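These notes are about the structure you will find just below.
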Amino acid sequence: MAKPRVEYVCESCGGTTVKWQGRCPHCGEWNTMKEFRIPDKTAARFGSNVHKALPLNQVTEAVDLSHVQALEVPRTLVGIEEFDRVTGGGLVSGGVTLIGGDPGIGKSTLLLQVTSKLVSYGIRCLYVTGEESASQVALRAKRLGIDPAGITLMSEIEVEKIEAALLSLKPAFVVIDSIQTLFSAALESALGSVTQVRECSARLTRLAKTADITLVFVGHVTKDGSLAGPRILEHIVDTVLYFEGDTHSSFRLVRAFKNRFGAVNELGVFAMTDKGLRGISNPSAIFLAEHKEGVAGSVVMVTQEGTRPLLVEVQALVDPTHLPTPKRLCVGLDGQRLSMLLAVLHRHAGISCFDQDVFVNAVGGVKIAEPASDLAVILAVVSSVTDKALSRGTVVFGEVGLAGEIRPAPRGQERLKEAAKLGFSRAIIPKANAPRTPPEGLTVIAVDRLGDAIDVI
């Protein structure tokens, strides 16, 4: 028997070295290098076990791009509106999706509902579970009121047996729950290791591409919310979906962080009920707090999540500090950007917060990353400092530059239409986003300097 080779694999990024190091030279993480033994017989293992390696398409030689036929990708609508939205308009044949989230947030529940919908359309589906027994999945289906007839269930964690089942059953839709539980008999590494996850996902992805199988992986997440395992797992799939939001809330947010067939940052909003996840048709109502009258420090902004405009309430609380260093705390927003906005506020508006604790919160657990929230954050801080509330029915959006200018936000017309549809009567927006004809019932106040926006309130 040949002597196995020894490599050291980083559990964080999947990088390899021939010698152990305390710090990974690829990603810089400490104490993530694990020993991995590779027998010589597995040097060319990829695509050589159950099925031979097949081309991903018919183009096997280098050709001119003009000679390649551009085909529209057909989509299959699931029938769950929010899921179809976040996937970019439905599932794609041969597409591979990775969905991650905290334990118990509803990943398996959502995919079981999707499988049931597709089976009702006459689509052959296979649900592979490596974490639960067949009886546990049957109990979940019964609890959700799902008809189990037609759903093919397989409780297996060996990837060679799963490949054989895919080749024999020829399903059109497959769920792998979860990818971290699979292992390959050709590898000697431990179950759930970086090498096992990388090998199993690569083999199943290639099989899905060659056989036009829609494949969905369920992935675990780490303590910081990122996907467990190598980053290459996110690179080889077509779509990456993450569950967001507070696990203690009944609402579930699914965001597309990567989508080769649709828009990124698309957001799907669900409500967890005793019958599973139910889509929310008007998600803006979740992120808006009900106030009978204006409250100081509260500003409603219009954010753009993918192709959908959402109204989110941004709250700020400014309070005198009793510490040498004042606190700066953001929930749902960028904390570094808050520090920059406070400096701009002091420089161009003369409002200082150097002796004040500043707390900013985005209501509902949504995470806002776009710079169009700058104006809403500043006006919320100013409202809290002056203890003066904005008038009811006011929405705000716009980016604030370091020179105090108000920069335009993309898709300004869609934002204004969404605000008018929900009954808002006044909008403070960048001058460059001012429409020629404002939506009916909406008064538009266009500003180009930070001082002008503060004077409005």
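Below is a table of values for the structure above.
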{"read-out": "When residues of segment 69-93 are limited to those that are in contact with a strand residue (DSSP E or B) (Cβ under 7 Å, 6 or more places away or on another chain) and assigned to a loop (DSSP other than H, G, I, E, B), the one surrounded by the fewest Cβ atoms within 10 Å (Cβ to Cβ)", "value": "Val73"}
{"read-out": "Subset of segment 395-445 that is at positive phi and touching a residue at least 24 places away in the same chain (Cβ under 8 Å) - its residue that is surrounded by the fewest Cβ atoms within 10 Å (Cβ to Cβ)", "value": "Gly423"}
{"read-out": "So Ala202, is it under 17 Å from Thr239 (Cα atoms), among the hydrophobic types (A, V, I, L, M, F, W, C) and in contact with a Phe, Trp or Tyr (Cβ under 9 Å, 6 or more places away or on another chain)", "value": "yes"}
{"read-out": "Tally of residues being in a helix (DSSP H, G or I) and surrounded by 15 or more Cβ atoms within 10 Å (Cβ to Cβ) across segment 100-139", "value": "15"}
{"read-out": "Val197 being at pLDDT below 90, crowded, with 22+ Cβ neighbours inside 10 Å, β-branched (Val, Ile, Thr) and over 24 Å from Val73 (Cβ atoms)", "value": "yes"}
{"read-out": "Checking Lys388 against (1) farther than 14 Å from Val299 by Cβ; (2) of a type in the set (D, E, K, R); (3) in contact (Cβ under 8 Å) with a residue 24 or more places away in the chain, the condition it does not meet", "value": "(1)"}
{"read-out": "Total residues in segment 319-342, condition free of Cβ contacts under 8 Å to residues at least 12 places away in the same chain and small (Gly, Ala, Ser)", "value": "2"}
{"read-out": "Residue ID - farthest from Val78 (Cα to Cα), chosen from residues in segment 107-125 that are over 19 Å from the mean Cα position of the chain (by Cα) and among the basic types (Lys, Arg)", "value": "Arg124"}
{"read-out": "Positions within segment 330-360 being within 29 Å of Glu244 (Cβ to Cβ) and either basic (Lys, Arg) or within 21 Å of the chain's Cα centre (by Cα) (or both), in sequence order", "value": "Cys330, Val331, Gly332, Leu333, Asp334, Gly335, Arg337"}
{"read-out": "Residue satisfying all of: in segment 268-304; modelled with pLDDT of 85 or more and among the charged types (D, E, K, R); farthest from Gly90 (Cα to Cα) among these", "value": "Asp274"}
{"read-out": "Qualifying residues in segment 317-361 (those that are over 17 Å from Gly297 (Cα atoms) and acidic (Asp, Glu)) - the one surrounded by the most Cβ atoms within 10 Å (Cβ to Cβ)", "value": "Asp334"}
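The values are calculated or read from the model by the stated rules, or taken from the named source; none is laboratory data. All values derive from a computational prediction rather than experimental measurement. Heads up, the Cβs are rebuilt from the backbone with ideal geometry, glycines too, and the neighbour counts pull from every protein chain shown.
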